[in-house]
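Below: the structure, in structure tokens.
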Amino acid sequence: MLHAINFFRQEDSGGADLCLNVHDRLLSAVSSNHGYAFQRILDALDLPIGRIVLQLPPVTAQQGWLLNYVADNYRRNGFRFAVNAASAREGLHLLERVRPDVIRLDAGQRADQGSVLALLAQARQAGARVVFKRVETAESLLALQRMGDVSGQALLAQGMLLDPPRTALAADVAHAHPFHAAGAGA
């Protein structure tokens, strides 16, 4: 709640989304309708639920049911959610299984370019976004730019190379690089 209040009270938050990490202990402790409780608090504070993306933690194969349960609960209560994928192939599986709004993929996981391009295409069809995280080197940035050219999509990326963390939002993040930066809250 504190992150949401601080983010949306900044004058320059504009139309940016706020991505909030859901702690893995919350997954196992979540009540039958945790999403509703969070949604009610946000409504009471007049904070825009439509601009919040809940980042779900990775789960083990044995906890797959839990990811489905929590994702469904948040979706029913109007939240968008993101998942981390260890590879593009896992991203494709998660896209089909839990239908996330955002798939976060490490920028170093581009060895299987065919799978990455397939993920980008299927995510676009499903209305989901792929965010490449941990862009730390010029080589990673160039590889993503080439992949964006091949896919015909403007890619979303974040990392220390693009913009170091700061206490306030940048005035114009989208113009920092030739493709879209995912932004301070992503």
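The values are calculated or read from the model by the stated rules, or taken from the named source; none is laboratory data. Predicted, not measured: the structure shown is a model, and the values here were computed from it. In this analysis, Cβ positions are derived from the backbone assuming ideal geometry, glycine residues included, and neighbour counts consider all displayed protein chains.
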Subject >> Elements of type strands (runs of 3 or more DSSP E) contained in segment 23-112, each with 1 or more residues being within 30 Å of residue 143 (Cα to Cα) and modelled with pLDDT under 90 >> reply: 52-56
Original post:
Between a first residue in segment 134-150 that is more than 21 Å from residue 114 (Cβ to Cβ) and a second residue that is exposed (fewer than 12 other Cβ atoms within 10 Å of the Cβ), which pairs have beta carbons less than 6 Å apart while being 6 or more apart in sequence or on different chains?
Top reply: 136/160
Original post:
closer than 20 Å to residue 104 by Cβ, exposed (fewer than 12 other Cβ atoms within 10 Å of the Cβ) and either of a type outside the set (Asp, Glu) or assigned by TED's automatic domain parsing to the domain that holds residue 97 (or both) - does that describe any residue in segment 35-58?
Top reply: yes
Original post:
Any chance segment 58-71 includes a residue that's within 26 Å of residue 164 (Cα to Cα), without any contact (Cβ under 8 Å) to a residue 24 or more places away in the chain and among the small types (Gly, Ala, Ser)?
Top reply: no
